[in-house]
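As structure tokens, the structure follows; a few thoughts come after it.
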Amino acid sequence: MKNFNLTYRKSGVNINAADSFIKYISKKVRKAKKSVKFKNIGGFGSLSEVPKNLKSPHVVASSDGVGTKVEIANELKKFDTIGIDLVAMSVNDLIIQGAKPKLFLDYISIPKIDLKKLKSIISGIIKGCNIADCELVGGETAEMPGVYSKDKFDLAGFAIGFVDKKNILKKENVKENNLILAVPSSGLHSNGFSLVREVIKKNNIKINKDKFLKKELLRPTKIYVKEVCNLIEKRLLNACANITGGGIEDNLKRVIPKGYTANINLNEIKTLKIFEWLKKNGVSDKEMLKTFNCGVGFCLIIEKKNLVKVLKVFKKPYKPYVIGKIKKGSKLIQIDEKIKWWDKNKNSSIYFW
């Protein structure tokens, strides 16, 4: 019998380092959220109470990641914001059905435990949970030597929320002449980064030497939980949509009932510099709308009489504005105008579909 004196540590997995990381997370979570009732970090499963103020509680669950935005973080060696992205991508989906996020779990897969990198990532996750007013109750850090090449890693997030039956947002709530509001995005959010990276590659751009891109590419995804939950509590919202991969059209049509059309005027959209930069550097008109949020991170569908009340819930720079109206029709989405991009340097406008 051969004896190579093999150990788990020699094969590339450091359990002691993983245990040290778990203790760090537990300490940070308790410090960040003093109202935590159950000590969940480090256990086999998490424990939580169902909110007592709900007469007929329903559970809503969501899972997502940040895609190849992790590659930008790796290139810039900056990891303190993608954790916010991870939380945002799941909780922004939960609120579409009227749920308030309650619990969050993360999954981090990495070739080798790098405590400095992991602590930076987890700090962002905890910050994201604080913004979303939910609790990080557990997760998994998988050390996977031989699966990922050096410095590569991946993230996944899982969110659970609760909604009272009477507050569930359904597409059937959408009626003729409802207004469609655009809530501004913070930037790219966490979608389309494979295309963004291709643009960077084709234009031979060194992002670590470009101040604009260094700031924009890792700008965290806006978390809309506080404002949208406020609207739900005040019964000011008929439906809403998180504008992620697929852009405005693909995401908004998911909450439009049969027999109605979301009539969108793209000329009303307030775009951001990062999208203008992408268009100028080789992304076609059609692909811009198909891939990116183009400045609209979230859409609200409301009754016209509630417009003033809705606007009061948001603060700058995330004040919503009207981009369309619900009409009767056979098409779920009807695009009437082109996006208008203002080139301040040339004092001219650029239109595209």
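For this structure, a couple of remarks:
- The range 175-253, accessible surface, carbon-and-sulfur percent (1.4 angstrom probe): 43
- Applying the criteria of a DSSP loop state and at most 13 other Cβ atoms within 10 Å to the trypsin sites (Lys or Arg not before Pro) of the range 219-315 yields LYS234, ARG235, LYS258, LYS315.
- Residue-wise HN-Hα coupling along the range 110-121, computed from phi with Karplus coefficients 6.51, -1.76, 1.60 (Hz; x: Gly, Pro): 8, x, 8, 4, 10, 4, 4, 5, 5, 5, 5, 5
- Solvent-accessible surface ranking, highest first, for HIS58, HIS189 at 1.4 angstrom: HIS58, HIS189
- Amide hydrogen proximity for MET144: with H placed 1.01 Å from N in the peptide plane, the residues at 5 or more positions away or on another chain lying under 5 Å are ILE110, LYS112.
- Low-density loop positions, trypsin sites (Lys or Arg not before Pro), the range 130-198 - DSSP coil, at most 14 other Cβ in 10 Å: LYS150, LYS152, LYS170, LYS175
- Here the contact order of the range 84-216, divided by its residue count and restricted to Cα pairs under 8 Å and six or more residues apart, works out to 33 percent.
- Residues whose amide H comes within less than 5 Å of that of GLN334, counting only those at least five positions distant or on another chain, are ALA262, ASN263, ILE264 (H built at 1.01 Å from N in the peptide plane).
The values are calculated or read from the model by the stated rules, or taken from the named source; none is laboratory data. Quick caveat, the model's predicted, so the values are computed rather than measured. In this analysis, Cβ positions are derived from the backbone assuming ideal geometry, glycine residues included, and neighbour counts consider all displayed protein chains. Protein only, heavy atoms only, side chains kept; ligands, DNA and RNA dropped before computing areas. Shrake-Rupley method; radii C 1.70, N 1.55, O 1.52, S 1.80 Å.
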